[in-house]
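The values are calculated or read from the model by the stated rules, or taken from the named source; none is laboratory data. Keep in mind that this is a model prediction, so the values were computed, not measured. With ideal geometry, Cβ positions are generated from the backbone for all residues, glycine too; neighbour counts draw on all protein chains shown. Ligands, DNA and RNA are excluded from the accessible area calculation, which covers all protein heavy atoms including side chains. Shrake-Rupley method; radii C 1.70, N 1.55, O 1.52, S 1.80 Å.
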Amino acid sequence: MKRRRGRILLAVTGWRPDNWLREFRANAPEREVVTEPDGEDDASIRYAVVWKQQSGILSRLPNLEAIFSVGAGVDHVFHDRALPNLPVVRIVADDLTMRMGEYVVWQVLDHFRQGATYRAQQAARIWKSLPQMAAGDITVGIMGLGVLGTDAAGKLAAIGFRIAGWSRTSKDEPGIACYHGEAGLDDFLAVTDILVVLLPLTGATKGILNTGLLAKLKKSTPLGGPVLINAGRGGLQVEADILKALDNGTLMAATLDVFGTEPLPRDSPFWSHPRVTVTPHDAAASDPHALVPQVLRQMDNLEKGAPVTGLVDRKAGY
Ligand code: NDP
Ligand code: OXD
C-alpha cells in the first residue's frame with residue numbers, strides 16, 4: 001500500500017504565516033498543510049514547520065516525526081517546555097546565507113568608511129574629506145564561525161579585511177585566524193577591531209556580550225575604538241552593559257539587529273543613541289519562496305532515509 005505523504009502542521013507566528021502556507025500549497029499539493037491541530041486527524045501530522053510555536057502545541061501530535069525551523073536559529077523552538085524529543089532541523093540555505101553576508105558586509109563597511117559621519121556632514125551641508133583607512137589594517141573578529149560566520153568571513157576577506165574567528169570547537173579555515181572555546185576567547189578579542197556576532201543563543205552563550213567581554217576588545221583601533229555588530233540573537237547581549245560601554249568609550253559604535261525584547265520598545269535608548277544603528281531583526285530574512293522547496297526536500301530525504309542538512313544537536317542547543 002502506498003504510504004500517505006506526511007501531513008504538515010505550520011506553526012509560524014510573527015512572520016506572515018499566509019506566505020508560508022501559500023508556498024507549501026504551491027510546492028507540495030500532495031501534502032496537506034494545516035495551521036492548527038484540529039484533534040480529528042492530528043495522528044496523521046508527521047512534520048511541524050515552526051517559528052516561535054505556541055508552547056505545548058507539538059506535544060499534542062502523537063505521530064510527529066520531525067520539527068523544521070524556518071529560521072537558521074532554533075532558540076525559538078527550544079523555548080517550548082513540552083518540546084517532544086524529536087529531530088529538529090534548521091535552515092541552512094544559500095538564500096539566507098547570502099542575505100546575512102550582505103548585511104555583515106554592509107555594516108562593516110559603513111563603520112569602516114565612516115558612514116555615520118558622512119550622513120551627519122550631509123545633514124549639516126558640510127563638504128569635508130575624512131581620512132581613509134586601509135581594510136588590511138582592520139581585523140574583523142567573527143564570533144560564531146558556522147555557516148553564516150564562515151560565509152561572511154570569506155566576503156570580508158575578499159575586500160581585504162583581516163579576519164579572526166571564534167567557535168566552540170577547534171577549526172582550521174584558510175585566511176582566518178581561528179580561536180576556540182573559553183581558552184581562546186581573550187586572545188580573539190584582543191585582536192578584534194570590529195566584532196561581528198553570529199552566535200546561536202544557547203545556555204552557554206546567553207549574555208556573553210557583557211561588560212567583561214567588551215572590555216577585552218582591542219583598545220586602540222584605527223576606528224577610534226572597537227565596534228560591535230550583533231546579528232545573532234538579542235539574548236546574547238546585556239543591553240545595559242552595551243549602553244554603558246558606548247557611553248564610557250569602551251565601544252566606539254554598535255549595530256544591533258536583534259534585541260532581548262522584539263519589537264524594540266519605543267522607549268529604548270538604543271533608538272536615539274548617536275552611535276547605534278538599529279535594524280529590526282532584518283539581517284537575513286527567511287524568504288518562503290526560496291526556503292519552502294528546501295524544507296520539502298529535507299522532508300523527502302527523511303522519508304527516503306537520505307541525509308538531512310541542518311540537523312540540530314539538541315544537547316549543544318544549535
Ligand atoms: P551555525 O550553527 O552554523 O554556527 C554557529 C557557530 O557558533 C558555530 O561556529 C559554533 O561553533 C559557534 N558556537 C556555538 N556555541 C558556541 C559557544 N558556546 N562558544 C563558541 N562558539 C560557539 O549557525 P549559523 O551560522 O547558521 O547561524 C548563527 C546564528 O545566526 C543563528 O543561530 C541565529 O541566531 C542567527 N541568525 C540571525 C538572523 C537575523 O536575521 N538576525 C538570521 C539567521 C540567523 P562550532 O563551529 O564549533 O560548532
Ligand atoms: C533566523 C532568524 O534564525 O531570522 O533565521 O533570526
Item to check | Pairs with Cβ under 7 Å, 6+ apart, first in the stretch 14-27 and over 20 Å from PRO263 (Cβ atoms), second surrounded by fewer than 17 Cβ atoms within 10 Å (Cβ to Cβ) | outcome: LEU21/THR35; GLU23/HIS289; ASN27/PRO293
Next on the checklist: Out of VAL74, VAL104, I need the residue that is surrounded by 18 or more Cβ atoms within 10 Å (Cβ to Cβ), more than 12 Å from ligand 2 (Cβ to nearest atom), under 30 Å from VAL227 (Cβ atoms) and in contact (Cβ under 8 Å) with a residue 60 or more places away in the chain. Which one?
Outcome noted: VAL104
Checklist entry - For the subset of the stretch 153-177 comprising residues that are in a loop (DSSP other than H, G, I, E, B) and more than 8 Å from ligand 1 (Cβ to nearest atom), which member is most open to solvent (accessible area, probe 1.4 Å)? => result ASP172
Next on the checklist: Out of the residues in the stretch 135-147 meeting the condition of being within 16 Å of ligand 2 (Cβ to nearest atom) and part of a loop (DSSP other than H, G, I, E, B), tell me which one is surrounded by the fewest Cβ atoms within 10 Å (Cβ to Cβ).
Outcome noted: GLY146
Next on the checklist: Would you confirm, using the coordinates I've provided, whether TYR103 is away from ligand 1 (no atom under 13 Å from the Cβ), within 23 Å of LEU291 (Cβ to Cβ), of a type in the set (Ser, Thr, Tyr) and modelled with pLDDT of 95 or more?
Outcome noted: no
Item to check | Filter result (of a type outside the set (A, V, I, L, M, F, W, C) and either over 12 Å from the mean Cα position of the chain (by Cα) or more than 10 Å from ligand 1 (Cβ to nearest atom) (or both)) within the stretch 83-100 | outcome: PRO84, ASN85, PRO87, ASP94, ASP95
Next on the checklist: Condition check: β-branched (Val, Ile, Thr) and farther than 21 Å from ASN85 by Cα. Does VAL49 satisfy that?
Outcome noted: no
Next on the checklist: Within the stretch 121-132, does at least one residue satisfy the condition of being open to solvent by less than 40 Å² (accessible area, probe 1.4 Å) and over 22 Å from THR277 (Cβ atoms)?
Outcome noted: no
Checklist entry - Given the residues THR97, THR150, which is the only one that is open to solvent by less than 70 Å² (accessible area, probe 1.4 Å), in contact (Cβ under 8 Å) with a residue 60 or more places away in the chain and in a helix (DSSP H, G or I)? => result THR97
Checklist outcome for this item: Of the residues in the stretch 250-288 that are of a type in the set (Ser, Thr, Tyr) and either touching a Gly at 6+ places or on another chain (Cβ under 9 Å) or under 21 Å from LEU217 (Cα atoms) (or both), the one that is nearest to ligand 1 (Cβ to nearest atom) is SER286
Next on the checklist: Being more than 16 Å from ligand 2 (Cβ to nearest atom), on the phi < 0 side of the Ramachandran plot, of a type outside the set (A, V, I, L, M, F, W, C) and open to solvent by less than 20 Å² (accessible area, probe 1.4 Å) narrows it down to one residue among THR205, THR192; which is it?
Outcome noted: THR192
